[in-house]
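Presented below is the structure to which this report refers.
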Amino acid sequence: MNLFQTPPQTIADTQHALKAGTLSCRELLEQCFRKIDAEEDVIHAWAYLDRESAFQQADELDAEIQRGIWRGPLHGIPVGIKDIIDVKGMPTRAGLESRDETPASQDAMVVANLRLEGAIFPGKTETTQLACFDPPPTRNPWNQEHTPGGSSSGSAAAVAAGMCLAAVGTQTGGSIIRPSAFCGIAGLKPTFGMVDRQGVILLSDHLDHVGPMAQTVVDLVIMLDCMTDQATYLPLLMEPVNEPPRIGWLSGFFSDRAEPEMQQALTMASDELNAAGAPIRECPLPAEFDAILEEHMALMGYEIFQHMSGDYDQNPDDYGPAISKVLEWGRRVTPERYQASLDYQNMLSQVMRRCFARSEILISPATYGVAPNPSTTGNPGMNAPWSLTGFPTITIPVAVSETGLPLGIQITGHPDKFDDLLKAAQWCENVLRPGYLKQIKQS
């Protein structure tokens, strides 16, 4: 199923229709629920739906428009919330059947901010068990025989299928970027600490990020402004771009691990960007980068075990094999080994800044290849480096494989120059997305 035969519905375009009165909040929500009713039995994007509450929100927001009240850029926009994030009145199950289903008494901070801006919450999107590696029931809307990725599985699938216009995900390893790329949408892992984590089930104090998933870079920025309650980034994308960004092509670690179709998609995208005026230089990674996956795993395993060991030790049968393996790994990480991983994280975050000496952005594969079968959520190795360093990164879809599955590139920015990343990502999207996705033909 090629989801790019027609332009996807964006937040930015929908805003205009709502303001013009050619679309109501209720009508928009009805469109989304028609998609849910038609496809949810196959895609399984939602862990919890609250149709009554959502339509009540929509009617209240329509009434506000009639009174001349416009809450913000998400007024009337349906947004999915990953089921490790609290939404008042909805349970937070985190992919665990044994978890207490008592509804949350208050919104997580990120949800409260979205609600203030007028977002409507149809429900909670599926996640892998405790946002780890055990696959959920969710399937990829492009092909139900493939995974949507994880752990923000339902968030990516719901946006790709048109069940909502945006969603919130979280990333400890690759859980925003990888599912976004597998499902052919845009995703943003912000700079570490940019989005508040209050009301989010915490796995790793030094790795967990909260970020948006949507159809375009502009939609990601609309979401981010509302999630952070800052409203500072969207005006950047309204300014004309005077010069194409200088781009660093990350070789070695990323190129060596990419499958042939992913390598081809990245090369095609790079050629187009270069032809449009962006100078692209190979950017070798520092030698210290070689240990990054081992150090990420040690840090993640230790911190997940510290957060989850109490319940895990009491109820081991409630946990799937993949998260159990991570927890047992974390049990064996000594405090000394953990401190060494923290020291490595701090060191590498400083060393990697050198890669931006001649480039505003770095590009690399968003995934190893296309979405694999649903027995796995895919390998997060392409994304874990940016979770460890905390550098902001965005994925946009750039191609479709010969078998009809999307492929995305990863655009990474300097942690102190977030503005540059957003402007560069929008420029790249404008170059690569006209006519939507090109299909790769294997020789």
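What to note about this one:
- Selection status of Ile65, under 24 Å from the mean Cα position of the chain (by Cα) and in contact (Cβ under 8 Å) with a residue 12 or more places away in the chain: no
- If the condition is being among the charged types (D, E, K, R) and buried (at least 18 other Cβ atoms within 10 Å of the Cβ), then the stretch 258-311 contributes Glu261, Glu295, Glu303.
- Any hit, the stretch 196-213, residues being outside any loop (DSSP other than H, G, I, E, B), open to solvent by less than 10 Å² (accessible area, probe 1.4 Å) and of a type in the set (Gly, Ala, Ser): yes
- Residue in the stretch 130-168 that is farthest from the chain's Cα centre (by Cα), counting only those that are surrounded by 24 or more Cβ atoms within 10 Å (Cβ to Cβ) and at positive phi: Leu130
- Long-range neighbours under 6 Å by Cβ, at least six apart or interchain, first residue closer than 15 Å to Gln31 by Cβ within the stretch 8-19, second open to solvent by less than 30 Å² (accessible area, probe 1.4 Å) and of a type outside the set (A, V, I, L, M): Pro8/Gln215; Thr10/Gln215; Thr10/Thr216; Thr10/Asp219; Ile11/Asp219; Leu18/Gly76
- Output for the stretch 229-263, where each listed residue is polar (S, T, N, Q), modelled with pLDDT under 95 and assigned to a helix (DSSP H, G or I): Ser255
- Residues of the stretch 390-435 classified as open to solvent by 10 Å² or more (accessible area, probe 1.4 Å), out of contact with any Leu (no Cβ under 9 Å at 6 or more places or on another chain) and not basic (Lys, Arg), total: 11
- The stretch 227-256 residues that are among the β-branched types (Val, Ile, Thr), paired with ones that are open to solvent by less than 70 Å² (accessible area, probe 1.4 Å) and part of a helix (DSSP H, G or I) (beta carbon under 6 Å, 6 or more apart): Val241/Trp427
- Subset of the stretch 82-129 (residues that are at pLDDT below 95 and either of a type in the set (D, E, K, R) or open to solvent by less than 30 Å² (accessible area, probe 1.4 Å) (or both)): Leu96, Glu97, Arg99, Asp100, Glu101
- Exclusive hit being modelled with pLDDT of 95 or more and open to solvent by 30 Å² or more (accessible area, probe 1.4 Å), set Val333, Val370, Val351: Val370
The values are calculated or read from the model by the stated rules, or taken from the named source; none is laboratory data. Computed from a predicted model, the values in this text were never measured in an experiment. Counting neighbours? That spans all protein chains shown, and the Cβs are built from the backbone with ideal geometry, glycine included. Accessible surface is based on the protein model in full, side chains and every heavy atom, while ligands, DNA and RNA are left aside. Shrake-Rupley method; radii C 1.70, N 1.55, O 1.52, S 1.80 Å.
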